[in-house]
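Notes follow once the structure below has been shown.
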Amino acid sequence: MSAPDSPKRQTANAPRKPQAGASTHKISLKDRLNGWAQQHQLVAVETLMRLLTKPLGSIMTWLVIAISLTLPGAMWMTLDNLSQLSNRFQASGSMSVYLKTAVQNDQAQQLLSRIESMDGVADVRFISADEALAEFRASSGLGEALDLLPENPLPGVIVVEPELALPQQDVIALADTLRSESRVDSVELDTAWLDRLHALLALSERIVWVMGALLALGILLVVGNTIRLSIAARVDEIRVTKLVGATNAWVRRPFLYTGLWFGMVGGLVSWILLAIGWALVSGPVEDLAALYGSEYRLLPLSAGAALVLLLGAMLLGWLGAWWSVVRHLHRIEP
Amino acid sequence: MPMVRFDGVSKSYPGGKEALSKVSFELARGEFAFLTGHSGAGKSTLLKLMLQMERPSEGQVFVDGDCVNTMKSSQVPFLRRKVGVVFQNHQLLFDRTVYDNVAMPLLIAGYQPAEAARRVRAALDSVGLLGFERRNPIELSGGEQQRVGIARAVVNKPQLLLADEPTGNLDPELSEEIMKLFLRFQQVGVTVLIATHDIALIERMGHRRLILDHGTLHDSGPRAGFERGDHVRT
Ligand SMILES: Nc1ncnc2c1ncn2[C@@H]1O[C@H](COP(=O)(O)OP(=O)(O)OP(=O)(O)O)[C@@H](O)[C@H]1O
Ligand SMILES: [Mg+2]
C-alpha cells in the first residue's frame with residue numbers, strides 16, 4: 001500500500017479555511033446555519049427522490065392516503081354544490097299572500113287575476129277562508145273546539161308560485177309589491193322545505209367532518225406503519241449515525257420528510273381522482289339542469305378546499321411519521 | 001484537566017458477571033496508550049463507557065472534563081463528535097459507497113460538501129485507500145474495511161481517538177503502518193487509546209499499557225511517546 005499521508009500535514013493544511021481550524025468541531029454559526037439549511041434541502045430532495053424513483057414500495061400508502069382524502073373531498077364537493085343550489089332556490093319557493101279578513105271572495109278573485117298577470121308569476125291559487133278552516137279542521141283534529149269560535153278566524157290566502165328561474169331579488173320585489181296591495185294583510189315566503197334542506201345539509205356536513213376525522217386517523221395509522229417499516233429497514237444506519245454523533249433531530253429528519261411527501265403525493269393523487277370524478281359527473285348534471293331550464297354547472301372543488309386538502313394531507317403525513325418516529329426511534333441505541 | 005478520567009468505575013451487565021470492577025485511571029491530553037487483556041477482560045466495555053454506549057453501574061467517567069455517565073442524552077451526540085472511534089466490528093454501512101461511509105460524521109457535523117470531500121480524500125489517503133471512494137465496502141477485504149473504519153474515525157479530526165482491535169484483520173506489516181498512523185495523530189495532539197491483543201506489536205512500540213484482567217485494571221509500561229504529545233492543544 002502507499003505510505004499513509006501524514007496527519008500532521010493534513011492538519012497543517014487545514015486552517016486555510018476558517019471552519020477547518022485545529023479544533024475542528026468548532027464551526028462558525030453562519031456556516032452551521034447554512035449547513036443546517038443545506039442539510040434540510042438535501043434530506044428533502046433525497047427522500048422525495050427515493051419515493052419517486054422507487055414508488056413500488058410505497059404505492060399502497062399513497063393510494064390509501066389518496067382514497068382516504070378523496071372520499072371526504074368528494075362529499076365536500078357534493079355538499080358545496082347542493083348548498084350553492086339551495087341558495088339559488090332561496091326565494092323561488094312559493095309565497096303565501098294573506099288577505100285581510102274583510103276581503104270578500106269576489107274581491108279576492110279580482111286580485112287573483114291581477115297577480116296572475118304580473119311579471120314573474122308562474123301560477124296562482126286561491127284558498128278561501130272557509131276552505132282554509134276546513135283544511136285546518138281536518139289536519140289539526142280540533143274539530144269540536146273550532147266550533148266554539150264565534151267566527152272563522154282564518155283569512156283567505158292566495159298562493160303565488162314565482163317562475164323557477166326568477167332571480168332572488170325579483171322574487172323579493174314581487175313580495176314587496178304584493179304586500180303594498182290594499183287588500184293584502186301580509187306576505188310570507190314559504191321556505192319550510194328550504195329550511196329542511198338546510199338542516200339536512202348541515203347534518204351532512206357534520207357527517208363529512210366525522211368521516212373526515214376517521215379517515216384522517218386512518219392516514220395517520222397508514223403513514224405511521226409505513227414509517228415504522230422503513231425505520232426497521234434502516235436500524236443499522238440509524239445505529240451507526242448515532243455512533244458518529246447524529247442528534248435525534250438528524251435521525252428523525254428523513255423520516256419526517258418522507259411522511260410529508262407521502263401526504264403530498266397522496267393529496268395530489270386525490271386531486272386527480274376528484275378531477276376525474278368531477279369530469280364524469282358534470283356532463284350528466286348539466287344535461288339534467290338543462291331539462292329544468294337551468295344553466296347550472298357542477299362546481300369543481302374550490303381552490304381553497306383543494307389547498308386545504310393538500311396541506312392537510314401533508315400535515316397528516318408528517319404527524320403520522322412523527323408519531324411512528326417517537327414510538328420507535330428511541331429504542332434504537334448503539 | 002485530563003482528557004479521560006475513570007473514577008472507581010464498575011460495570012455489571014444485567015444478569016451477567018462484573019465486566020469492570022473499580023477501574024480508575026487517567027489519560028492526559030495528547031497521551032498514547034494501549035489497552036490490553038484477555039478476551040472478555042472488559043476492553044470493549046471500557047471503551048463503550050466513554051461514548052455512553054453503556055453506563056457504569058458505579059463510579060464516574062469523564063471525557064474532556066464532562067461527566068459522561070450523567071450527561072443528558074441531548075449532549076451525547078456532541079460528545080461522540082469529538083471522539084473518533086474504530087469499532088471492533090467496524091460498523092460500516094454496505095448500502096453506500098466508501099466515500100459516503102467516511103463522509104458521514106462530517107455531514108452530521110454540518111460540513112459543506114466541498115470541505116467534506118477534501119477531508120474525506122485526506123482521510124482515505126492517510127489509510128492508503130485513495131481511489132476507493134466509489135467502491136462499496138462489501139467488496140473490500142477485511143483489512144480494507146477496517147481501514148475505512150479508521151478513516152471514518154479520524155475524518156472529523158477528533159480530540160480523542162479510541163480504537164477497538166484496529167489491527168485485528170491486518171497482516172503485521174499493515175498493522176505497523178496503522179499503528180504509525182495513530183502515532184502521527186498523537187504527534188499533532190490527539191489523545192489515543194488502542195485496545196488490542198497484539199502483544200508483539202505493543203512490545204515493539206513501547207507505550208503506556210493499561211492491562212485489564214477479569215475487569216480489574218493494572219497500569220504499567222513505559223510512558224514513552226507521551227513527551228512528544230505533551231504539547232496540550234488549546
Ligand atoms: N451486552 C452485554 N450483555 C451482557 N454481557 C456482556 C455484554 N457485553 C459484554 N458482556 C460481557 O462482559 C465481559 C467483557 O466484555 P468485553 O466485550 O468488554 O470484552 P473484551 O475485552 O472486549 O473482549 P474481546 O477481546 O473478546 O473483544 C464479557 O464477559 C462479556 O461476556
Ligand atoms: Mg472487545
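Being surrounded by fewer than 17 Cβ atoms within 10 Å (Cβ to Cβ), within 16 Å of ligand 2 (Cβ to nearest atom) and over 26 Å from A:ALA249 (Cβ atoms) is a condition met by no residue of segment B:60-78.
When B:LEU124 is tested against the conditions (1) within 11 Å of chain A (Cβ to nearest Cβ); (2) touching a residue at least 40 places away in the same chain (Cβ under 8 Å), the lone failure is (2). Could you tell me whether B:GLY143 is on the phi > 0 side of the Ramachandran plot and either at the interface with chain A (Cβ under 10 Å from one of its Cβ atoms) or among the basic types (Lys, Arg) (or both)? Criteria not met by B:GLY143. With respect to the conditions (1) surrounded by fewer than 18 Cβ atoms within 10 Å (Cβ to Cβ); (2) modelled with pLDDT of 90 or more, B:PRO222 lacks only one, and its number is (2).
Residues in segment A:222-257 that are facing another protein chain (nearest Cβ under 8 Å), out of contact with any Asp or Glu (no Cβ under 8 Å at 6 or more places or on another chain) and assigned to a helix (DSSP H, G or I): A:ASP236, A:VAL240, A:THR241, A:LEU243, A:ASN248, A:TRP250.
Does A:ILE67 count as assigned to a helix (DSSP H, G or I), more than 18 Å from A:ILE276 (Cα to Cα) and open to solvent by 60 Å² or more (accessible area, probe 1.4 Å)? Taking the combined requirement at face value, the residue does not satisfy it. Name the residues in segment B:27-54 that are small (Gly, Ala, Ser), within 15 Å of B:LEU210 (Cβ to Cβ) and more than 6 Å from ligand 1 (Cβ to nearest atom), would you? Those that are small (Gly, Ala, Ser), within 15 Å of B:LEU210 (Cβ to Cβ) and more than 6 Å from ligand 1 (Cβ to nearest atom): B:ALA28, B:ALA33.
Can you say whether B:GLU115 is among the acidic types (Asp, Glu), away from ligand 2 (no atom under 16 Å from the Cβ) and either more than 10 Å from every other protein chain (Cβ to nearest Cβ) or crowded, with 16+ Cβ neighbours inside 10 Å (or both), as far as the supplied structure shows?
yes
Residues of segment B:118-170 that are within 16 Å of ligand 1 (Cβ to nearest atom), of a type in the set (S, T, N, Q) and open to solvent by 30 Å² or more (accessible area, probe 1.4 Å): B:ASN169 alone. Only one of the numbered conditions (1) in contact (Cβ under 8 Å) with a residue 12 or more places away in the chain; (2) within 14 Å of ligand 2 (Cβ to nearest atom); (3) crowded, with 16+ Cβ neighbours inside 10 Å is not met by B:HIS38, and that is (3).
The values are calculated or read from the model by the stated rules, or taken from the named source; none is laboratory data. Predicted model only: the values in this text are computed from it and were never measured. Cβ atoms come from the backbone with ideal geometry, glycine included; neighbour counts cover every protein chain shown. Please note that ligands, DNA and RNA were not included when accessible areas were found on the heavy atoms of the full protein model with its side chains. Shrake-Rupley method; radii C 1.70, N 1.55, O 1.52, S 1.80 Å.
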